[in-house]
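Asker: Pasting a structure here, questions to come.
The values are calculated or read from the model by the stated rules, or taken from the named source; none is laboratory data. Owing to the predicted nature of the structure, the values given are computational and were not obtained by experimental measurement. Here the Cβ positions follow ideal geometry from the backbone for every residue, glycine too, while neighbour counts run over all protein chains shown. Surface areas here come from the heavy atoms of the whole protein model, side chains and all, with no ligands, DNA or RNA. Shrake-Rupley method; radii C 1.70, N 1.55, O 1.52, S 1.80 Å.
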Amino acid sequence: MKNKKSSAPQEAETRPSRCPDNSAFKQQKLPAWKPQLTTASVLSTFFLTGAFCLSVGVSLIVAANSVIEIQVDYSDKCSSCSKLRENSSNWNSECLCSINITLAEDMLGDVFMYYGLQNFYQNHRRYALSRSDEQLLGRNVDVQNTYCAPFATYQNGTPMAPCGAIANSMFNDTIDLFYNFNSSAIQVPLLKTGNSWWTDKNVKFRNPDSRNLSVAFAGTARPPYWHKPVYLLDEEDEKNNGYINDDFIIWMRVSAFATFRNLYRRISRTGQFTDGLPAGNYTFHISYSILSYYPR
């Protein structure tokens, strides 16, 4: 018979040890430095940090106050167009209005034009989800299996491109600016491209793979409140059409607040407007087409 008690110590001796090596690194004996917090060091750190934050804040306030901003609310001044839109049967009727403004001083440097909306709740959950990111990547998807309803297909089954409530309610007013100089109206050149982010233009939004967009979007139809199909959003620039249209991309970036503004145009610094907008009288020509659809 074998002695079981004598075999236990032998097994313990042959079993590998789990203890770490007797080195300075594994035994945590490396030299270390521990800061000695004193009253002088702590107070000096706080005062230096406060001075840095104060200087940054003051510089930001000075930069913000140096910006010249002019706000023009044309909802009341174009009230005739608003009344026209109250009748849903006139949703496709064109309405034009003009607004005169005066610049008391030159607006030097880059000048940006924004449009703003109030009480338009893009943060509504059903509204924010009413889109198809797969479709916006140029892929062939079944929009009926997305959150686009009720703006997914028409009654005859034709899918909408783009689908969803966000795309359907896209801001579509047309705003032109004219400089009144020596009894003549000079149209201010506006840039409608280069206003979106690079990631949006090249990653989040893509057109279907086709040299002819009208062929690529064959079998689809525009959203109900649009005046033209998606491949004709910019009839002057083929590279700014379809899902990669700058105005469309900026609108699809929904806002977290009910009152917001989006970048509409940038002033092209050419010719008479190389340095910006000179002081003087200007006129906004507005094609009032703002939609009557509000998410509820």
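Asker: Which residues, taken from the stretch 50-92, are of a type outside the set (A, V, I, L, M, F, W, C), in a loop (DSSP other than H, G, I, E, B) and modelled with pLDDT under 85?
Answerer: Residues satisfying the conditions are Asn87, Asn92.
Asker: Which of (1) outside any strand (DSSP E or B); (2) surrounded by 10 or more Cβ atoms within 10 Å (Cβ to Cβ); (3) at pLDDT below 90 does Cys97 not meet, given it meets every other one?
Answerer: With respect to (1) outside any strand (DSSP E or B); (2) surrounded by 10 or more Cβ atoms within 10 Å (Cβ to Cβ); (3) at pLDDT below 90, Cys97 is out only on (1).
Asker: A further question on this structure: Can you pull out every residue in the stretch 264-294 that is in a strand (DSSP E or B) and open to solvent by less than 60 Å² (accessible area, probe 1.4 Å)?
Answerer: Result: Tyr264, Arg265, Ile267, Gly276, Leu277, Gly280, Tyr282, Thr283, Phe284, Ile286, Ser287.
Asker: Quick check on the stretch 74-84: of everything there that is under 12 Å from Ile286 (Cα atoms) and without any contact (Cβ under 8 Å) to a residue 60 or more places away in the chain, which residue is most open to solvent (accessible area, probe 1.4 Å)?
Answerer: So, considering only residues that are under 12 Å from Ile286 (Cα atoms) and without any contact (Cβ under 8 Å) to a residue 60 or more places away in the chain, the one most open to solvent (accessible area, probe 1.4 Å) is Lys77.
Asker: Do we find that Asp246 is closer than 17 Å to Met113 by Cα and open to solvent by less than 30 Å² (accessible area, probe 1.4 Å) in this structure?
Answerer: yes
Asker: While we're here: Among the residues of the stretch 100-119, write down those that are within 28 Å of Ala258 (Cβ to Cβ), open to solvent by 90 Å² or more (accessible area, probe 1.4 Å) and not in a strand (DSSP E or B).
Answerer: Listed by number, the residues that qualify are Gln118, Asn119.
Asker: Please determine, by comparing only the residues of the stretch 50-69 that are among the β-branched types (Val, Ile, Thr), surrounded by 10 or more Cβ atoms within 10 Å (Cβ to Cβ) and over 25 Å from the mean Cα position of the chain (by Cα), which one is nearest to Ala279 (Cα to Cα).
Answerer: Residue satisfying both the conditions and the ranking: Val58.
Asker: Further, regarding this structure: Among the numbered conditions (1) modelled with pLDDT of 80 or more; (2) open to solvent by 100 Å² or more (accessible area, probe 1.4 Å); (3) charged (D, E, K, R), tell me where Arg15 comes up short.
Answerer: (1)
Asker: Another question, if that's okay. I'm trying to understand the selection: among the residues of the stretch 27-49, which are open to solvent by 90 Å² or more (accessible area, probe 1.4 Å) and assigned to a loop (DSSP other than H, G, I, E, B)?
Answerer: Within the stretch 27-49, Gln28, Lys29, Leu30, Pro31, Ala32, Trp33, Lys34, Gln36, Leu37 qualify.
Asker: Can we say Arg261 is in contact (Cβ under 8 Å) with a residue 24 or more places away in the chain and surrounded by 13 or more Cβ atoms within 10 Å (Cβ to Cβ)?
Answerer: Criteria not met by Arg261.
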